[in-house]
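Colleague: Shown below is the structure under consideration.
The values are calculated or read from the model by the stated rules, or taken from the named source; none is laboratory data. These numbers were taken from a predicted model, which means no experiment stands behind them. No Cβ is skipped: glycine too gets one built from the backbone with ideal geometry, and neighbour counts run over all protein chains shown.
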Amino acid sequence: MTGKKAKIAVMVSGGGTNLQALIDAQNSGIITSGKIELVISNNADAYALTRARNAGIKTFTVLKKQLGSQEAFEDGIISILDENGIDLIVLAGFMSILSEKFTSRYEKRILNVHPSLIPSFCGEGFYGLRVHRAALEKGVKVTGATVHFVNEIPDGGEIIMQKAVEVEEGDTPETLQRRVMENAEWIILPKATQKVCEQIISK
Ligand code: GAR
């Protein structure tokens with residue numbers, strides 16, 4: 001059916017540069033088979049929420065501390081997703097691990113961007129700058145980013161897209177993070193999102 005778009009929910013925790021890349025990709029026509037319906041944050045102070053509002057996207061904040069348990073936290077998220085008929089969830093810098101109960105409900109319907117070439121520097125405890133610190137400590141010469149489906153194993157789901165980035169002499173975790181974002185994450189996350197949306201609407 002022409003004009004049909006998959007409804008996307010983006011889940012965030014922080015700065016939201018990957019969310020911004022998705023918004024920009026929607027505006028520039030890289031994402032044509034999906035539409036960002038809403039943004040959910042697990043952090044009330046996330047700058048990503050401002051980015052969403054600036055783009056006219058509905059926002060929701062769901063706080064585990066306030067709700068008291070992982071189950072109540074995930075139930076809160078599920079209600080928002082259900083009420084809005086969401087087809088695809090994109091984790092864009094979402095720094096909380098989701099339970100098997102949650103991930104199995106959305107099999108092949110959750111994407112995540114991770115700032116390394118999985119299976120290197122991934123799994124529990126590897127997030128944000130920690131990933132780049134570990135890559136520098138190991139002395140790898142090439143790193144990158146991965147977009148994958150989310151299952152019950154942290155960073156363990158099927159890989160959809162990867163892009164390599166060279167480590168440079170004198171890199172700090174911060175300079176490496178920036179290069180990986182610019183040269184890999186912001187490119188492959190929108191592309192992978194478009195690819196999966198296309199598959200969803202063609203079903
Ligand atoms: C990104 O580098 C993302 O890949 C990483 O956190 C950063 C969020 O930045 N995610 C993880 O480490 C998840 N395991 P952003 O808020 O500016 O998109």
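Colleague: Among the numbered conditions (1) touching a residue at least 40 places away in the same chain (Cβ under 8 Å); (2) within 16 Å of the ligand (Cβ to nearest atom); (3) within 25 Å of Lys191 (Cα to Cα), tell me where Ile30 comes up short.
Modeller: So Ile30 meets the others, but not (2).
Colleague: Here's a follow-up. Within the bounds of segment 180-194, is there any residue that is farther than 17 Å from Ile8 by Cβ and outside any helix (DSSP H, G or I)?
Modeller: no
Residue-by-condition table, conditions (1) modelled with pLDDT of 95 or more; (2) more than 24 Å from Thr146 (Cα to Cα); (3) not charged (D, E, K, R):
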residue	(1), (2), (3)
Ile30	yes, no, yes
Leu38	yes, no, yes
Ile57	yes, yes, yes
Phe73	yes, yes, yes
Ile89	yes, no, yes
Thr103	yes, no, yes
Lys108	yes, no, no
Leu117	yes, no, yes
Gly123	yes, no, yes
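Colleague: What do you reckon, is Ala52 surrounded by 19 or more Cβ atoms within 10 Å (Cβ to Cβ) and closer than 25 Å to Arg133 by Cα?
Modeller: Taking the combined requirement at face value, the residue does not satisfy it.
Colleague: Could you say which residue among Ile86, Ile77, Ile36, Ile40 is assigned to a loop (DSSP other than H, G, I, E, B) and crowded, with 17+ Cβ neighbours inside 10 Å?
Modeller: One residue alone meets the criteria, Ile86.
Colleague: State whether one or more residues within segment 103-119 are in contact (Cβ under 8 Å) with a residue 60 or more places away in the chain, β-branched (Val, Ile, Thr), near the ligand (Cβ under 10 Å from one of its atoms) and in contact with an Asp or Glu (Cβ under 7 Å, 6 or more places away or on another chain).
Modeller: yes
Colleague: Additional query: Of Ala92, Ala21, which residue is closer than 25 Å to Glu198 by Cα, within 16 Å of the ligand (Cβ to nearest atom) and touching a Pro at 6+ places or on another chain (Cβ under 7 Å)?
Modeller: Matching residue, one of Ala92, Ala21: Ala21.
Colleague: Just one of Ala25, Ala52, Ala72, Ala48 is in contact with a Phe, Trp or Tyr (Cβ under 9 Å, 6 or more places away or on another chain) and assigned to a helix (DSSP H, G or I); which is it?
Modeller: Among Ala25, Ala52, Ala72, Ala48, only Ala25 is in contact with a Phe, Trp or Tyr (Cβ under 9 Å, 6 or more places away or on another chain) and assigned to a helix (DSSP H, G or I).
Colleague: What is the residue count in segment 121-155 for residues that are part of a loop (DSSP other than H, G, I, E, B), crowded, with 16+ Cβ neighbours inside 10 Å and within 13 Å of the ligand (Cβ to nearest atom)?
Modeller: 7
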